[in-house]
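**Student:** The structure that follows is given in the form of structure tokens.
The values are calculated or read from the model by the stated rules, or taken from the named source; none is laboratory data. None of these values were measured; they are calculated from a predicted model. Note that each Cβ is placed from the backbone with ideal geometry, even for glycine, and that neighbours are counted across all protein chains shown. Ligands, DNA and RNA are stripped out before the accessible areas are found, and what is left, the full protein with its side chains, is counted by its heavy atoms. Shrake-Rupley method; radii C 1.70, N 1.55, O 1.52, S 1.80 Å.
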Amino acid sequence: MVKGTIKKLMVLTAAAAMMAALSGCSSVATGKRIIRVSHAQSETHPEHLGLLAFKDYVEERLGDKYEVEIFPNEILGSAQKAIELTQTGAIDFVVAGTANLETFAGVYEIFSMPYLFDSEDIYKSIMSDTEYMENIYQSTDEAGFRVVTWYNAGTRNFYAKTPINTPDDLVGKKIRVQQSPASVSMVNAFGAAAAPMGFGEVYTAIQQGVIDGAENNELALTNNKHGEVAKYYTYNKHQMVPDMLVANLKFLEGLSDEEYQVFKEAAAVSTEVEMEEWDKSIEEAKRIATEEMGVEFIDVDVEAFKEKVLPLHEQMLESNPKIADFYAHIQEVNEAAKDAGKGGE
């Protein structure tokens with residue numbers, strides 16, 4: 001009992017110390033404003049490397065005023081908790097998935113729509129259209145934060161203990177999905193049983209047979225070691241879902257025009273670096289998964305998978321009118337690419 005009480009007190013003390021640190025907005029020693037950035041990935045992840053470029057860019061130009069501190073590995077809490085801290089201004093920036101933003105702005109649900117983009121090139125071109133994306137980014141202003149840039153999180157695919165060569169191979173399987181209604185509907189439409197759960201629970205759930213597989217990008221196999229328990233990775237390419245760098249709105253609005261421009265440019269630079277590092281990391285992840293973990297990568301007829309879930313587009317448009325304009329814009333780009341002979345993969 002005494003040991004348990006002491007342990008609880010130590011945890012509470014550490015938490016209190018962290019919150020006290022977060023409540024301060026400047027370093028006493030230097031007089032600089034500390035910019036705190038939270039994310040869920042490791043120090044070797046492309047997003048962390050992109051954020052290091054963000055830090056360097058800001059400090060090279062505004063180092064007399066600002067110091068950027070990056071907190072990886074959910075040190076400041078899960079994405080949802082970190083978003084709440086960003087809302088209040090306790091931290092300044094957080095990297096969050098679009099599924100986490102759906103509750104604050106319905107338009108972000110569109111990224112959970114299966115087969116939204118006809119190719120990765122189209123996906124990247126739309127996300128890189130900064131002028132258009134600003135309209136989406138400002139949709140969370142009422143919630144007290146705004147997206148300032150995006151990071152490539154690749155293509156989401158199914159992986160499992162047994163091969164998935166056709167949509168029929170999903171029937172009856174329990175598949176982990178993100179805690180997003182659209183993702184649940186998608187997996188159920190394939191004939192599988194969607195199992196929403198936290199990402200940290202996936203390894204053990206597959207290992208113990210609670211679920212048969214999951215869906216994510218290739219880094220899940222290596223960074224999170226899912227390739228140890230799921231030996232088949234299928235390129236059905238059902239979603240392309242970015243991560244977003246989110247900023248406290250009051251912080252942004254408190255910057256001078258010159259400072260705001262620097263932070264905006266720093267965000268753009270961080271995306272460039274992240275995208276370059278992403279391509280390298282995926283190539284390396286595939287090598288490790290194949291050579292060291294014995295994972296088999298399976299290419300399939302994507303159209304066969306696409307046909308199973310396309311009816312979800314109309315259902316989502318009917319239930320969430322906020323995605324209609326963005327959806328129409330994406331379809332225009334898809335069609336233009338088809339006309340130019342560049343659509344699809």
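**Student:** Does the range 137-148 hold any residues that are β-branched (Val, Ile, Thr) and open to solvent by less than 10 Å² (accessible area, probe 1.4 Å), and which are they?
**Tutor:** Answer for the range 137-148, where residues must be β-branched (Val, Ile, Thr) and open to solvent by less than 10 Å² (accessible area, probe 1.4 Å): 140, 147.
**Student:** Also, I was wondering about something else. Condition test on residue 183, is it assigned to a helix (DSSP H, G or I), open to solvent by less than 60 Å² (accessible area, probe 1.4 Å) and under 30 Å from residue 284 (Cα atoms)?
**Tutor:** Yes.
**Student:** Pairs only if they're at least six apart or on different chains, beta carbon under 6 angstrom, first in the range 206-219 and more than 14 Å from residue 154 (Cβ to Cβ), second assigned to a strand (DSSP E or B) and open to solvent by 50 Å² or more (accessible area, probe 1.4 Å); list them, first residue then second.
**Tutor:** 211/174; 212/174
**Student:** Restricting attention to the range 207-237, and to residues there that are touching a helix residue (DSSP H, G or I) at 6+ places or on another chain (Cβ under 7 Å) and among the hydroxyl-bearing types (Ser, Thr, Tyr), which single residue is surrounded by the fewest Cβ atoms within 10 Å (Cβ to Cβ)?
**Tutor:** Result: 222.
**Student:** If the requirement is being in contact with a Phe, Trp or Tyr (Cβ under 7 Å, 6 or more places away or on another chain) and assigned to a helix (DSSP H, G or I), which of these qualifies: 255, 312, 317?
**Tutor:** 317
**Student:** How many of the residues making up the range 37-76 are buried (at least 19 other Cβ atoms within 10 Å of the Cβ), out of contact with any Lys or Arg (no Cβ under 8 Å at 6 or more places or on another chain) and either at pLDDT below 95 or assigned to a loop (DSSP other than H, G, I, E, B) (or both)?
**Tutor:** Number of matching residues: 5.
**Student:** Another question, if that's okay. Name the one entry in 324, 304, 336, 328 that is assigned to a helix (DSSP H, G or I), loosely packed, with under 15 Cβ neighbours inside 10 Å and touching a Pro at 6+ places or on another chain (Cβ under 8 Å).
**Tutor:** Within the list 324, 304, 336, 328, the selection yields 304.
**Student:** Determine whether residue 298 is in a helix (DSSP H, G or I) and either touching a helix residue (DSSP H, G or I) at 6+ places or on another chain (Cβ under 6 Å) or in contact (Cβ under 8 Å) with a residue 40 or more places away in the chain (or both).
**Tutor:** no
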